[in-house]
Every structure is written in structure tokens, then in C-alpha cells.
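The values are calculated or read from the model by the stated rules, or taken from the named source; none is laboratory data. Note that the coordinates shown come from a computational prediction; the quantities given were computed from them, not determined experimentally. FYI the Cβ positions are ideal-geometry reconstructions off the backbone, even for glycines, and counts take in every protein chain you see.
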Amino acid sequence: MTVLHADYGRVWQLDAPETMDDTEVSSALQELIDSGIVDLENGIEFCYGSDTEFKIELIGPWQGSDYSGDDVNESNQRSLLRDFPDLLINDTRWWGHCGYGLQIQPDFGSDSETAEQAEELVKILIGLKHDYPLYDEQDNGELIQERAQEAWDSWLRMDTESEIQKLTGLSIELGDMEDEFWELLSEHQIYPEAEGHRDVRFEGLKDESFVLALAVRGVELGHFDRDEVEDLTDTGYALLGAWINATYEWPLKGQMSVFEAL
């Protein structure tokens, strides 16, 4: 029989219990040990002053940090916590490298009320570690969309405005065009893809066809700086001229230029 025994800040794996504080390992926990998901020598975290003397770390594709892991790990961690709240402990730290992961209590699988669910969870964890690493496809997609929204709020909008400026010379303000931005991305079949530990990329975002379409929409909606139209590129001049042709009655009085029409 394998037991866990906590004594003087260390955890021992013993052949038989020595004190009443020893915790017998359930069959579910033993499976996690045998599969390498639990490491009794290195996967113990002490919680002094709490009801549980220590917690056990789960090793697998649900761990990460600002410098490790990816969207799969991040999605697995939060979706497993969602589905098994009575068995899993959130091991997210909001300091240092902002690591995240999953933990269990040492009596995992011993409670008759949750023993069956523990066995189900064990099968899932072993499958994620050794077969297919993604637990919830839908949650993973939602996570990537969340990353895309975070990108819009931090760098995506400004970078796209810069691309429009380079192509046309126009200063298009995208702050009030978020819906149109996502709509045009979809029309051009540009979709957010996870990249790295917390990032997202958009293949095709800098393609001229997309940037020009967004500039056209911005001009049509009037979201451009009319005081900054004297340094246009040929593309920008043609775009603005076409918009003026469609907007104003012709002929304009005298020899009014594009700039005067604004």
C-alpha cells in the first residue's frame, strides 16, 4: 500500500502508514502517479495554516506562464477547472511569471461521492498528456477570440491605422469602426490565430486589398482627418477622388480640387 506522509516540511512515500496523519493513496491518484502526471518528489506545495497541509501539482498540457505554454495549455487549464470544480484546484499566480496550472488535494479519489468523477478525470488527464492535448475545441476558439480582442485594445487598432496611413496617406480613425474591422476581416477570410504564450496573429492583415477596403470604409463613414489630406499617395488620392465623385454634385464650381471639396 502506498501512502503520503507529511513531516517537517517534507513528503515521504512509504510502504505503510506511520501516523494517523498519513493519507492513503487512492487508485485514481495512483494512476496519476504511474502516468507521470503526479511527481511525489517534486510536485508538492505546502500550504501552512490551511486545512490541507499540502497540495499536489498535476504535470501536463494545462500548465504555462507568460513565458511557457500556449493557447492549448491555457484553454485546458480553465476548461478543466470549469468542468471539475470539486476535484481541481486553480494554481494561477498573479505575480512573477504569472504561472498557471492545476493541483489536487492528497485525498483525491478517496471520497465516495466524487470517486467516480475522479476516475473520469484521470482518464481525461492521461489522454491529454499522452494522446491528444486539447480538451475543449470550443473553449480554445473562444480563447483565441479573447486574445484578438485584447490585441485590438492594445496594439492591433493602432498598427492597422499605421498600415492605412502608409498605403493611402490618409489618417483613418478606427476607434469607432471596430465592428466594421471584424466584419472586413471575415470577408477577407483573415482569422485570428494563436501565437506564443499570450499572443495572436492575423495572417493577411497587411495585405493591400484588406488595408484598402478598410480605408474605403473609413472614408465612406467619415472617420478620417480632413485636415490631413495634403500628403496623399496615388492610392489615397484615387480613393478620395472616387468618394468625392460619388458624394458631391458635379461639376464643382470653378476648378475646385479634391482638397477644396473637403
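General observations
- Residue tally, condition under 21 Å from the mean Cα position of the chain (by Cα) and either farther than 20 Å from VAL38 by Cα or in a loop (DSSP other than H, G, I, E, B) (or both), over segment 48-71: 10
- Yes/no for GLY60 being in the same structural domain as HIS130 (by TED's automatic domain parsing), surrounded by 19 or more Cβ atoms within 10 Å (Cβ to Cβ), of a type outside the set (S, T, N, Q) and free of Cβ contacts under 8 Å to residues at least 60 places away in the same chain: no
- Residues satisfying the stated conditions in segment 121-160, i.e. among the aliphatic types (A, V, I, L, M) and out of contact with any Gly (no Cβ under 7 Å at 6 or more places or on another chain): LEU121, VAL122, ILE124, ILE126, LEU134, LEU143, ILE144, ALA148, ALA151, LEU156, MET158
- Taking the criterion of being outside any helix (DSSP H, G or I) and surrounded by 17 or more Cβ atoms within 10 Å (Cβ to Cβ), the only residue of segment 205-222 that qualifies is LEU205.
- Residue satisfying all of: in segment 32-52; under 19 Å from GLY101 (Cα atoms) and of a type in the set (Asp, Glu); modelled with the lowest pLDDT among these: GLU45
- The residues in segment 194-203 that are modelled with pLDDT of 90 or more and surrounded by 13 or more Cβ atoms within 10 Å (Cβ to Cβ) can be counted, and the count is 6.
- Per-region count, segment 74-91, residues part of a loop (DSSP other than H, G, I, E, B) and exposed (fewer than 15 other Cβ atoms within 10 Å of the Cβ): 2
- Selection over segment 100-153 of residues that are of a type in the set (Val, Ile, Thr) and assigned to a loop (DSSP other than H, G, I, E, B) gives a count of 1.
- Filter result for the condition that a residue is out of contact with any Pro (no Cβ under 9 Å at 6 or more places or on another chain), under 30 Å from SER79 (Cβ atoms), loosely packed, with under 13 Cβ neighbours inside 10 Å and acidic (Asp, Glu), over ASP131, ASP139, ASP231: ASP131
- Restricting segment 92-116 to residues that are among the hydroxyl-bearing types (Ser, Thr, Tyr) and surrounded by fewer than 17 Cβ atoms within 10 Å (Cβ to Cβ), the residue that is farthest from GLU41 (Cα to Cα) is SER112.
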